[in-house]
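Notes follow the structure.
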Amino acid sequence: MHLQRPVNEGFLILDYGSQYTLLIARRLREIGVYAEIIDGSRQTAPSDEFHYHGIILSGGPDTVGEEGARSLPSWVAQSDKPILGICYGMQLMAEASGGKLRSGQQREYGKSHLSFDWKDLPKYAETLKSLPKDQIVWMSHGDDVEAPDSSFATLAYTDDKVVGVIAHREKPWIGLQFHPEVQHTEYGEELLKAFVFDICKAPRNWDSSQMLDSSIERIRQNVGKGKVLMAVSGGVDSTVAAVLLTRALGASQVHAIFVDHGLLRKDEAKWVQEQFASMGVQLTTLDQKKEFYSELDGITDPEQKRKIIGRKFIEAFEAFAKGKKEFTHLGQGTLYPDVIESAGHGAGAKVIKSHHNVGGLPEKLALELVEPFRYLFKDEVRTIGRALGIPALLVDRHPFPGPGLAVRIIGAITEEKVRVLQEADAIFIRHLHDSGFYSQVWQAFAVLLPVKSVGVMGDNRTYQEVCALRAVTASDGMTAGVGDLPISFLVNVGNEIVRKVNGINRVVYDVTTKPPATIEWE
Ligand code: XMP
């Protein structure tokens, strides 16, 4: 059993596969309302347990009306709730009302200029008038509404004469061809606020910092006198979850397990132990370095590395839990994006990397799951972490992949390569902290390349490996920009790495965004 949702009212987002669907939910929560994502092809209305003030239809890759394309479910078409259709969602709402669509004729990607005309603005949407008539919006579409049915008013066009905004003349249905959830849309937040607060009249009642007391209460109700085995990685999510569970149940009912697979950052295992001790959480570290290294010996394929590490994790847990009948629950720091992604909304999404570090653990251990953050985003978990008094150094840590340095040592892994990379990475991270850049990037790390280059140190020729530094900006890791670090800073870091780390004689900076690259190199 998972913990129930934190509140029973908010907004429903119907997902049609847009890469931005999660972003819509985040934006709504940021403006102060709770939102949940459900499959856009769901044919039945959600149960009465969740009171929704309005419905948002996401964008998506389909072309309305083509074979296999998702259509507007009848319970949505018949709903009396306000609806906001975004891109594909707008096209669905236009088609359901008899409008004419066209495909592939007016593609627009990126920034567009939009002009409003308020002449036909329906009464229920009067609030939109407070927005500037001319705006920059973010488009990402190949299809559009050529001519809406006469039951709709067209409120805005782009410079290319694409219908940008439509509103039903009677029902509170608004369609946007562009993406208000994307930061590049100048007045996106204002538009979402107008829909949520003025058109739907929803109360502003979501604030993740207030979730602490109710989360503690729900954990107590769920676990009772049981005992939780909690998998921790030293990262933000599982750390905050372990502290929250301990706060709710007491240290004797929560046992955190930390697997040291030998692919952690420099001195990480020791640091995690000290942090957990200072926060009063019971922690056992399982030293599995030898076992992991021996299984990874000679493995170069990234997916194979991930699979081996995932399996070894489970084996280490199983061995620890074996015969310990006192455990009733398994705690995990699963976040809402993990839940949505593994539920397969955004159907058709290709597996780029298998990220499920301890996937399969719940089935193997046959324990009940406790996932206090199942409905939360990472920034919301950070807010809870701060409210719990967890040190900023921990709460604001950069994400670190479950397979650790294994996916940052390109090619085969050896203990020596792990040591070399740990040293280089520690220098980079220390410089980032000292200069204040650490908090300005989403993630930063060093990568060890299986490439040797010639150098000269003193009067000697060197022939050693190349280290790549990577720093990215992101808000959720789905897309990423390149960290804008000054060249003088990078030169200092590079010099210190080459001077101090035996094994590296050249340092380069990765200047690729995601997409087309991913954040990690493997
Ligand atoms: P990519 O490399 O896919 O990374 O652009 C996106 C984010 O996910 C992290 N990442 C992982 N996290 N297990 C994890 O827990 C993994 O196997 C894994 N691979 C990548 C990555 O560090 C970035 O934050």
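Any read-out appearing in this document is the output of simple, stated calculations on the displayed coordinates, not a laboratory observation. Note that this is a predicted model, so its numbers are computed, not measured. Note: ideal-geometry Cβ built from the backbone for every residue, glycine included; neighbour counts use all protein chains shown.
Computed quantities for the displayed model
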| read-out | value |
| --- | --- |
| Most to least packed among 198-208, 180-190 [average Cβ atoms within 10 Å] | 180-190, 198-208 |
| Helix axis angle, 21-31 relative to the chain longest principal axis, alpha carbon, degrees | 80 |
| Cβ charges +1 (Lys, Arg) and -1 (Asp, Glu), total dipole of the chain, debye | 1080 |
| Sorted peptide list for 25-35, 308-318, criterion being average Cβ within 10 angstrom, highest first | 25-35, 308-318 |
| Compactness of region 1-83 - radius of gyration and Dmax, Cα, Å | 13.2, 39 |
| Cubic angstrom per residue, convex hull over Cα atoms of the chain | 164 |
| Proximal lysines relative to Lys312, as straight alpha-carbon distance under 16 Å, when same-chain residues fewer than 8 apart are discounted | Lys289, Lys290, Lys322, Lys364 |
| Packing rank of 484-493, 407-416, 237-246, where each peptide gets the mean count of other beta carbons within 10 Å, highest leading | 237-246, 407-416, 484-493 |
| Between helix 415-435 and the chain: long-axis angle, C-alpha atoms, 0 to 90°, nearest 10 | 60 |
| Shape call, region 231-274: gyration tensor on alpha carbons, a/c limit 1.5 | prolate |
